[in-house]
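Structure first, commentary second.
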Amino acid sequence: MEIKITLPDGSIRELLQGTIISEAAGAISTMLKKNAIAGKIDGKSVDLNQPIEHDSHLEIVTIDSKDGLEIHRHSTAHVMAQAIKRIYGQKTVKLGIGPVIEGLG
């Protein structure tokens, strides 16, 4: 079954129901697929493997956008925390919880 996705510029594309975000990005542009870091379906942030199940507004989030940079920093913080725990041990490391701080990167 085909569904319609509306892009931020107002254009409409038809895709097969269940198409994942990264495939949708590739259907728009090869470069967009390469730069995609996440998506937004009807304004809700989703990862690139999220299937699109119904007619939706779709935005592809790229790393050079404000949202993309925030997602990248968040993911990097998790990777770094896991690395530190593996190097120094679960019992030694005490991780804090908090938002990304702007202006330090």
Any hit, the range 68-89, residues being of a type in the set (Lys, Arg) and more than 15 Å from the chain's Cα centre (by Cα): yes
Matching option when the condition is among the charged types (D, E, K, R) and at pLDDT 95 or above, among 55, 64: 55
Meets criteria (farther than 30 Å from residue 98 by Cα, basic (Lys, Arg) and either in contact with a strand residue (DSSP E or B) (Cβ under 7 Å, 6 or more places away or on another chain) or surrounded by fewer than 17 Cβ atoms within 10 Å (Cβ to Cβ) (or both)) for residue 4: yes
All positions within the range 73-91 that are out of contact with any Leu (no Cβ under 7 Å at 6 or more places or on another chain) and over 24 Å from residue 61 (Cα atoms): 82, 83, 84, 85, 86, 87, 88, 89, 90, 91
Residue in the range 9-18 that is within 30 Å of residue 99 (Cα to Cα) and more than 10 Å from the chain's Cα centre (by Cα) present: no
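The values are calculated or read from the model by the stated rules, or taken from the named source; none is laboratory data. This structure is a prediction, so every number in the text was calculated from the model and none was measured. Don't worry about glycine lacking a Cβ; one is built from the backbone with ideal geometry, like all the others, and counts go over all protein chains shown.
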